[in-house]
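Read through the structure below, which is laid out as structure tokens, and then see the notes.
No value in this document is a laboratory result; all are computed from the given coordinates. Fair warning: this is a prediction, and the values are worked out from it, not measured in the lab. All Cβ positions, even for glycine, are placed from backbone atoms using ideal geometry, and neighbour counts span all protein chains on display.
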Amino acid sequence: MEALTEYVKNQVWLLEYPIRFEGMDLFGRMTIIRLENGDLLIHDPCKITDAIRQQIDDIGPVKYIVAPGSYHHLFVTDFQTKYPQAETFLCPGLERKRPDIPFDWILGNKPDPRWADEIDQVVVSGTKYMWEVAFFHKPSKTLILVDLLENIGDDYRHHANWVLRFWWKFVFRMWNKPKPAPEYQMGWGNKQIVQTALYKILGWQAERAIIAHGETIEEGVNEVLSEAWKKVLKA
């Protein structure tokens, strides 16, 4: 049975889920944040089953559903069906890409007042092919990203088929070397706009980083990020 993992005691939970993209077997990662008042924020929703729903309900009431990136929206409607009273927040641009998803708010550079004391955020825009909203859980000093950093290599806990290995090793040179998603690398766009967001993220001084694809970063977060983003930061 799929099971939530308690990542930060009583505050943050994770669930990894399979994704197949362009012939590659990948895993995504849903993050659940329990706010101080007990409300739950669902970041990057997975396909929800009855078993997963029961585990979530045991933690608290789902109040917010967040689609944080241009490519992280597939299962938003699944959660909306199960939690019709929850409010939905979309990464800018998704309202045009997925007009079929009903939503309440578009995410911006200022956090919603209801979570602003606990979560900061910034929109990473200006890039050509994908945008995302980075989140920072202040109490646990946890950075939460989707595609700004991917960390797949020899330590990858899941099966990496030959297609993934080929592209990550020989094309994008990302095997054992954390980097942004290939879509970022193919088009950073207005680098000054991107830099502003990246420097804000680095300013959070995160102690750990949750990412959607690959292993979480448990130490030296800013060093890893600075190396991964050096082409943009030094532009």
Quiz prompt | Longest DSSP-loop-exposure-free segment, trypsin sites (Lys or Arg not before Pro), the chain, at most 16 other Cβ within 10 Å | solution = 48-113
Exercise. Report, in deg cm²/dmol and to the nearest 500, the calculated mean residue ellipticity at 222 nm for the chain, where each DSSP H run with n ≥ 4 adds -39500 (n - 2.57) and the sum is divided by the residue count.
Key: -6000 deg cm²/dmol
Practice problem: Using θ = phi - 60° and the Karplus relation 6.51 cos²θ - 1.76 cosθ + 1.60, list the HN-Hα couplings for region 52-66 in order, rounded to whole Hz, with x at every Gly or Pro. | Solution: 5, 4, 5, 5, 5, 5, 5, 7, x, x, 6, 10, 9, 10, 10
Exercise. Find how many whole Å separate the alpha carbon centroid of region 53-80 from the alpha carbon centroid of region 92-120.
Key: 13 Å
Self-check item: Relative contact order of region 5-233, pairs being alpha-carbon contacts under 8 Å that are 6 or more residues apart, as %
Solution: 16 percent
